[in-house]
Amino acid sequence: MKERKPVVLCLSGHDPTGGAGIQADIEAVASLGAHAATVITAHTVQDSQNVARSVAADAQLLREQLDALLNDLSIAVIKVGLLGDATQPALIAGIAQRIKVPLVLDPVLRAGGGADLASEALLGAMKSALMPVTTVLTPNASEARRLTGLVELDACGAALLAAGCSNVLITGGDEPGEAVVNRWYAAGRTPRTYAWPRLPGSFHGAGCTLAAGLAALLATGLPLPQALADAQAYTQRCLAAATAPGHGRKFPRRIP
Ligand code: PLP
């Protein structure tokens, strides 16, 4: 009999372009040897340039879907992306506490095209309910600043650890510079930086690819330092092979 693949429970928004959101999760998770179980937190109207609208999934439907999954599948890791409203963080945190598996949280606050995707209430709920159960938080630099109200990235990393995250990977794709510098913060250890050549063009779904890839690699049993390094390398490969199917940004090629 074939060995079963570990299951990553992905809670993300649906991006109809297929560049980001739940489809990015499914592709990255499948490419890296795990199975994605998927629950949609929000439906969006968007194209490859920007998000026009995000609508939260029905709360009762979300609860029923999660109950059905948790009664059936054995979940190895939870991956959380775009959230629909301020009630969702507590629901997800409750599940994480119940099943006690690593949780990767990609705090999607703003679309690459500029649209705001998180209300102040959602931001607050993410901080108070979800961050204390987060194994790895993966904000980009601007999300790290918005979550903390701080500017300097080392200070943001420290504040996000103090808010309860066990690890924080602040990505630097949205910072200036020839290299993209990502920073890993964990309590009691010196921050570690990773530098990647900056690839030409702009991308839609890079953050989702990284966070979902990381969740998948953790689900397959890689230790965190290796999973962090390998997920970044995977994302870089996907970005290097990216193409633009529409009039906007390039989509990472997550499946060769
Ligand atoms: N739409 C959904 C559903 C997302 O999850 C995300 C990002 O995670 C976006 C849009 C925005 O993606 P990007 O900022 O890469 O364009």
So if each residue of separation counts as 0.36 nm, and I subtract the Cα-Cα distance between A59 and K100, what length gain in nm does that give? 12.5 nm
Dipole axis of region 1-108 (+1 Lys, Arg; -1 Asp, Glu on Cβ), positive-most option in L61, V80, N50: V80
Could you give the dipole magnitude of the chain about its Cα centre, charging the beta-carbon of Lys and Arg +1 and that of Asp and Glu -1, in debye to the nearest 20? 520 debye
Could you state, as a whole-number percent, how many of the C-alpha pairs of region 207-256 are farther apart than 11 Å? 66 percent
Give me Rg/Rg_expected for region 113-211, where Rg uses Cα atoms only and Rg_expected = 2.2 N^0.38 Å with N residues. 1.06
D67 and T190 label points (each 7 Å along its Cα→Cβ direction) are spaced in nm at 5.2 nm
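Could you calculate the contour length gain from R198 to D154, that is, 0.36 nm times the residue separation minus the distance between their Cα atoms, to one decimal place in nm?
13.7 nm
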Stretched out fully, how many nm does the piece from V45 to A162 gain, at 0.36 nm a residue minus the Cα gap? 38.6 nm
Taking amide H atoms as placed 1.01 Å from N in the peptide plane, list the residues 5 or more away in sequence, or in a different chain, whose amide H sits under 5 Å from that of N140. T171
Using Cα-Cα distances under 8 Å and only pairs 6 or more residues apart, what relative contact order does the chain have, in percent? 20 percent
Which helices count as membrane-span-like in the chain under these terms: full DSSP H, at least 18 Å along the axis by C-alpha, Kyte-Doolittle mean of -1.0 or more? 206-219, 224-240
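Grab the other residues whose beta carbon is less than 12 angstrom from that of D106, score K and R as +1, D and E as -1, and report the net. Display every interim value, and only then the final one.
Values: positive: K79; negative: D25, E143.
That sum, taken over residues with Cβ under 12 Å, equals -1.
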Given axes a ≥ b ≥ c from the Cα gyration tensor, I'd like to know whether the chain is rounded (a/c under 1.5), prolate (a/b larger than b/c) or oblate. rounded
Quick check: the distance between the Cα centres of region 143-163 and region 72-128, to the nearest angstrom? 18 Å
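Throughout, read-outs are computed from the coordinates displayed, never taken from laboratory work. Because the structure is a prediction, the values reported are computed rather than measured. Heads up, the Cβs are rebuilt from the backbone with ideal geometry, glycines too, and the neighbour counts pull from every protein chain shown.
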